[in-house]
């Protein structure tokens, strides 16, 4: 964990954890740079093109242009795929590793990987912990980059 970025931004590990968990649930997070208030909204409503009735709820919550917010989004599909590969590669040789490798090399690798890992007993929990740690690193990296940019 990079204590320096926490010190520079004034965010706590608890807030970083909250952001990470929200991203893991498919939400986008906006963190006010001064108050550290965290606003989480579904990704589909985070672009400002909110025309649906459901979207109206979020329209007024979105930060306005120029407001002092850091924005956090989930990893790219490519990066998420790499995380699945890394998890698979760190497994010792065996049936699960073979099945996951196979899943990643077929059409719809995300769905295939999920179907296998959801039925993998204790490895399901190991996957959740592994992917959480990778997402946490992503959040910290994003925070560092946005802090440097101002």
Practice prompt. Check whether at least one residue in the stretch 69-80 is more than 30 Å from residue 146 (Cβ to Cβ) and in contact with a helix residue (DSSP H, G or I) (Cβ under 9 Å, 6 or more places away or on another chain), and report yes or no.
Written response: no
Worksheet item: Does residue 148 meet the test of being loosely packed, with under 11 Cβ neighbours inside 10 Å, over 18 Å from the mean Cα position of the chain (by Cα) and within 24 Å of residue 14 (Cβ to Cβ)?
Response: yes
Worksheet item: Scanning for something modelled with pLDDT of 95 or more and within 30 Å of residue 6 (Cβ to Cβ), does the stretch 114-125 turn up at least one residue?
Response: yes
Worksheet, complete the sentence: The condition from (1) farther than 22 Å from residue 25 by Cβ; (2) in the same structural domain as residue 44 (by TED's automatic domain parsing) that residue 70 misses is numbered (1)
Worksheet item: Can you tell me which of 34, 43 is surrounded by fewer than 12 Cβ atoms within 10 Å (Cβ to Cβ) and under 20 Å from residue 65 (Cβ atoms)?
Response: 34
Fill in: Segments classed as helices (runs of 4 or more DSSP H), wholly inside the stretch 1-112, with at least 3 members that are farther than 24 Å from residue 136 by Cβ and at pLDDT below 95
53-59
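The values are calculated or read from the model by the stated rules, or taken from the named source; none is laboratory data. Quantities reported herein were computed from a predicted structural model and do not represent experimental measurements. Methodologically, a virtual Cβ is constructed for each residue, glycine included, from the backbone with ideal geometry; neighbour enumeration extends over all protein chains shown.
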